[in-house]
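Beneath this line is the structure, given in C-alpha cells, with notes to follow.
The values are calculated or read from the model by the stated rules, or taken from the named source; none is laboratory data. Values in this document were obtained by computation on a predicted structure and should not be read as measured data. All Cβ positions, glycine included, derive from the backbone under ideal geometry; neighbour counts span all protein chains shown. Keep in mind that these areas ignore ligands, DNA and RNA; they rest on the heavy atoms of the full protein, side chains included. Shrake-Rupley method; radii C 1.70, N 1.55, O 1.52, S 1.80 Å.
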Amino acid sequence: MWRCALPPLLRYPTVDELGARAAALVARHPADARLRRAGTSRAGNPLWLLSVGHGSRQALVVAGPHANEPVGGGTVLRLAERALADPRLTVGADATWNLLLCLDPDGLRRNEGWLRGPYSLDRYFRNFFRPGFGEQPEWLPDGAEAAALPETRTLLALQDELRPFLQCSLHGVDVGGGFVELTHDLPGIARRVAHTAALLRIPRELGPYDTLYWPCLGPAVYRIPPPRRGDLAAAITEAAVESTWYHPHRYGTVTAVVEAPMWGVAAVEDSSTPADAAAVLRTVSHTLRRDARILEDVLARIRPYVSGAPDAARLLAPVEDYLLVGPGLADAWDPDVADGVRPLPPLSTGHLSALRIAGRRLALRTAGLLHQLVTRAGAGPAGALPELDRLIDAWCDDYRDGCGAQWIPVPRQIEYQSRVVLAAFELAALHAPARSRSGESGWGSEAAVPMHQE
C-alpha cells in the first residue's frame, strides 16, 4: 500500500487542483519531493515543477502541452506518488523525476467548462479550447532561439538545465486510441504498450493520421523524423517541424510522446486489409471538404457580429487554422486528387478509421469554437446557433454510432499513460549515463515558493 497516496482522481484535475495536490505531496514528503515555480505563463499562472528523488540522472515529464488534453496532469501526480513509494524508481535508478504539472495552464483554464464532468462528446466539443498553432508551446516554428512564448522558453530552459536522459510529453487523443511517438527507438516498448493496453482495455491506434509517413517501430509505436522547417500544414501532417521534442536531442535525450485516448474506438487497431480503401478515402475526403464549406459559410455569416466579442481573436485563430488545413488534408487523402508527389502508404482498416476520425475531429472542433463565439457575443445572424447545435449533435452521434466511440474512465486513462511512461523510463534508463546532480540546494533559476505564499 502507498503511504504517500492522496485520494484517487476520479476526474481530470483543474489547474488549481494540480498545484494543491502537488503541494500536499511535498508537505508529506519534504525530504524527497520539491516544488518550485519554473516559470510563468502569459496570463500569470505559475508553471510548477514537482521533483522527486535526488539521483544524478534526470527524467523530465511534461503535462498539458495541449490545452484540451488534461490526462497528463493526473498522470504526473500518479507518477510522483509511485516514485515516492518505490525507491527503485529513484535511489535504485539513480534518478530524479522532474514533473511539469501543466505547460499551458492558461489554455487548461479555458477548458474548465467540460473538465469537471460529466463527460460527453457534445459537452466536450461545445466547451473545447485549444489555441492556434502559433500559440502551442511545444512548436518552434522559428527555432529555439526565436521562441516567443514564455511557456516555451520555460520548457527549453528546463531541458538545457536538466539534460534529461528521458523526456515524456503527455498528450491525449479525444477520440481514437493510444500510441507512442519516439525520437529514438526503445526496443521492447511496443510489447509493453500492448500488454498495458490489453490489461486496461485501451485500443491501440495502429495508424494515426499524423504518423502516416513515419517509420513504424512496432504496433502503435512510431519514430518521429528529424525536424525540418515547414509550413502550417506540415506542422500537423506528414513532417516533424522543429519542436521541443527534439531540442534536447543534443544531450542524448530520448523523447517519448505518449498519447492516451478519452473516447476509445476499437476499429483503430484493426490491422486487416480493407476491401476498397479508395472508396473509403473518397468518402472521408469528400466529407471533410463538405463540412469545411459549411463551416466557412457559418464563419462568414457570424464574423461581423462576433469579431468584437470577448476573446474573439483567441477563438478565431484556431478556427482559421482548422479551416485552412482541412481542405489540404482532404486533397492529400483523396485518390482522385493526389498528385503522386507523396503517395499514401498501404493503408489498413485501422488507418482508414483514424482518417475518418481525424476529419470529423477538425469539423467538430471548428463548430465548437464557432458555437462559443456566437454564445459569448450574445448576437449573431438568425439561425446560426441552432445550425451549429444541429451540426455538433449530428457529428457527435456519428462518433458514437458510426465509429463506436466509448468513454474511458479517467482513472484508466491515467493508469494507462503512467504505465507507458514507466516502461519508457525503465527502457531508457538501461543505457542512460550518470549526469550532474540537480534538484538540490541552489538548483535552478528560481527558488521554490510554498503554495500558501504564492
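Quick one: putting +1 on the C-beta of Lys and Arg, -1 on the C-beta of Asp and Glu, what dipole do you get for the range 139-233 around its Cα centre, in Debye to the nearest 20?
Working: 9 positive and 11 negative charges, 97 e Å.
The dipole of the range 139-233 has a size of about 460 debye.
Placing dummy labels 7 Å off each Cα toward the beta-carbon, the span from D185 to R116 is 4.9 nm.
Equivalent-ellipsoid semi-axes (√(5λ), Cα gyration tensor) for the chain, whole Å, largest first?
Working: eigenvalues 250, 130, 83 Å².
The three semi-axes for the chain are 35, 25, 20 Å.
Model label points for R342 and R153, set 7 angstrom from Cα along the Cα-to-Cβ axis, are 3.2 nm apart. Magnitude of the charge dipole for the range 285-331, about its Cα centre and with charges confined to Cβ atoms of Lys, Arg (+1) and Asp, Glu (-1), is about 140 debye.
Using 0.36 nm per residue, how much length does the chain from H431 to D297 gain when fully extended, once their Cα-Cα distance is taken away? If you can, show how the numbers build up before the last one.
On the way: separation 134, 0.36 × 134 = 48.24 nm, distance 5.49 nm.
Full extension of this stretch gives 42.7 nm more.
Highest mean packing comes first when the peptides 72-80, 319-327, 37-45 are listed by Cβ atoms within 10 Å, giving 72-80, 319-327, 37-45.
Note down the magnitude of the dipole of the chain about its Cα centre, charges +1 on Lys and Arg C-beta and -1 on Asp and Glu C-beta and zero elsewhere, to the nearest 20 debye. Walk me through the numbers before you get to the answer.
Details: 47 positive and 51 negative charges, 215 e Å.
The calculated dipole for the chain is roughly 1040 debye.
For the range 113-175, a Kirkwood radius taken over Cα pairs fed into Stokes-Einstein (10 °C, viscosity 1.306 mPa s) yields D = 111 µm²/s. Can you give the FRET efficiency for R223 and S56, using 1/(1 + (r/R0)^6), R0 = 41 Å, r = Cβ-Cβ distance, to the nearest 0.05? FRET efficiency, R223 to S56: 0.90.
Let me have the relative contact order for the range 172-322, percent, based on Cα pairs under 8 Å that are six or more residues apart.
On the way: 177 pairs, mean separation 46.3, N = 151.
Relative CO of the range 172-322 lands at 31 percent.
The C-alpha radius of gyration of the range 1-84, expressed as a fraction of 2.2 N^0.38 Å, stands at 1.07.
Nearest 0.05, what FRET efficiency do A27 and Y251 give at R0 = 45 Å with Cβ-Cβ as r? Write down the numbers at each step before the final one.
Values: r = 32 Å, r/R0 = 0.72.
It comes to 0.90.
For the range 70-198, the gyration tensor built on C-alpha atoms gives an oblate shape. Its axis ratio a/c (a ≥ b ≥ c) is at least 1.5, and a/b is not larger than b/c.
Roughly what % of DSSP beta bridges within the range 1-138 run antiparallel, to the nearest 5?
Values: 11 of 17 bridges.
DSSP beta bridges in the range 1-138 are roughly 65 percent antiparallel.
Would you calculate a helix-derived [θ] at 222 nm for the chain, using -39,500 (n - 2.57) for each DSSP H run of n ≥ 4 and dividing by the full residue count, to the nearest 500? Write down the numbers at each step before the final one.
Details: 12 runs with 185 residues, N = 454.
-13500 deg cm²/dmol, from helical runs alone.
Between the C-alpha center of the range 250-299 and that of the range 202-227 there is a gap of 12 Å. Between F128, I202, T375, the Cα set farthest toward the positive side of the dipole of the chain (charges on each charged residue's Cβ, about the Cα centre) is that of I202.
Say the dipole of the chain comes from +1 at the beta carbon of Lys and Arg and -1 at that of Asp and Glu; which of W139, Y12, P30 then lies farthest toward its positive end? Checking the options against the dipole of the chain, the answer is P30. On a per residue basis, the chain carries 38 Å² of accessible surface, using protein heavy atoms and a 1.4 Å probe. Between the listed residues P304, G177, A424, the Cα displaced farthest toward the positive end of the dipole of the chain, a dipole computed from Cβ unit charges relative to the Cα centre, is found at A424.
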